[in-house]
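> Below is the structure I would like to discuss, written out as structure tokens.
Values in this text are rule-based calculations from the coordinates and carry no lab data. If you're wondering where the values come from, they're calculated on a predicted model, not measured in any experiment. Reconstructed Cβ throughout: ideal geometry from the backbone, glycine too, with neighbour counts over all protein chains shown.
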Amino acid sequence: NAGVTQTPKFQVLKTGQSMTLQCAQDMNHNSMYWYRQDPGMGLRLIYYSASEGTTDKGEVPNGYNVSRLNKREFSLRLESAAPSQTSVYFCASSEGLSYNEQFFGPGTRLTVL
Amino acid sequence: AQSVTQLDSQVPVFEEAPVELRCNYSSSVSVYLFWYVQYPNQGLQLLLKYLSGSTLVKGINGFEAEFNKSQTSFHLRKPSVHISDTAEYFCAVSDRVGYSTLTFGKGTMLLVSP
């Protein structure tokens, strides 16, 4: 099993460009998450999907959109990238919310110039 | 809403010495507590979690943590660290009420030197 996979691993964008980060899991998990990690800030939740067909905002949703394409896939879109979105992005999945262990992907390092 | 405070951003320690990484949380309801570890250039993985029962929780790689409700703490300990324990450690909390997401602390970088 691959677990949680993310593409791409690295990306450089210019301000105003758009892009979609892809995430897929093969553990048949119901819940999926997108986090961003910035130095000294820990992980902050951008959006999550408690189950297929639902999405909800997390702590820092502004400037992002998400799509839960099916049970396996959860994508994150930046419509008009800004330098403040330079970060490392992690996708995670779990059986459910709350007390369930989250499994993380390897991350996407995004730089916006 | 819950919050997590990790009191040390960086903890340097020599190999084979004991270590304690501190975590305090705040919540208006009962919580579940977690420690995750992130090795360089990798995603996070679960070290241990407290859901209920014994307040002393044992995890992988010889780590353990103790839930102290009166002090709202969940400190992580290891009696003897290895070079390979060098990593960033994150404490996280989730409310027991409803279907809650995780809130992470800002992380503690454990630096083990020979």
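> When you scan region A:82-99, do you find a residue that is in contact (Cβ under 8 Å) with a residue 24 or more places away in the chain, assigned to a strand (DSSP E or B), more than 22 Å from residue B:47 (Cα to Cα) and not β-branched (Val, Ile, Thr), even just one?
yes
> Oh, and also: Just the residues that are without any contact (Cβ under 8 Å) to a residue 12 or more places away in the chain and surrounded by fewer than 19 Cβ atoms within 10 Å (Cβ to Cβ), please, taken from region A:1-56.
Within region A:1-56, A:39, A:40, A:41, A:56 meet the criteria.
> Residues that are among the aliphatic types (A, V, I, L, M): find the strands (runs of 3 or more DSSP E) completely inside region B:1-68 holding 3 or more of those.
Counting at least 3 such residues, we get B:31-38, B:44-50.
> Any chance you could count how many residues in region B:92-114 are under 15 Å from the mean Cα position of the chain (by Cα), closer than 20 Å to residue B:67 by Cα and either more than 9 Å from chain A (Cβ to nearest Cβ) or of a type in the set (Asp, Glu) (or both)?
Qualifying residue count for the region: 2.
> While we're here: Across region B:42-61, which residue is farthest from the other protein chains (Cβ to nearest Cβ) among those that are touching a helix residue (DSSP H, G or I) at 6+ places or on another chain (Cβ under 9 Å) and within 18 Å of residue B:86 (Cβ to Cβ)?
B:61
> Could you please let me know if residue B:13 is out of contact with any Pro (no Cβ under 6 Å at 6 or more places or on another chain) and crowded, with 17+ Cβ neighbours inside 10 Å?
Yes.
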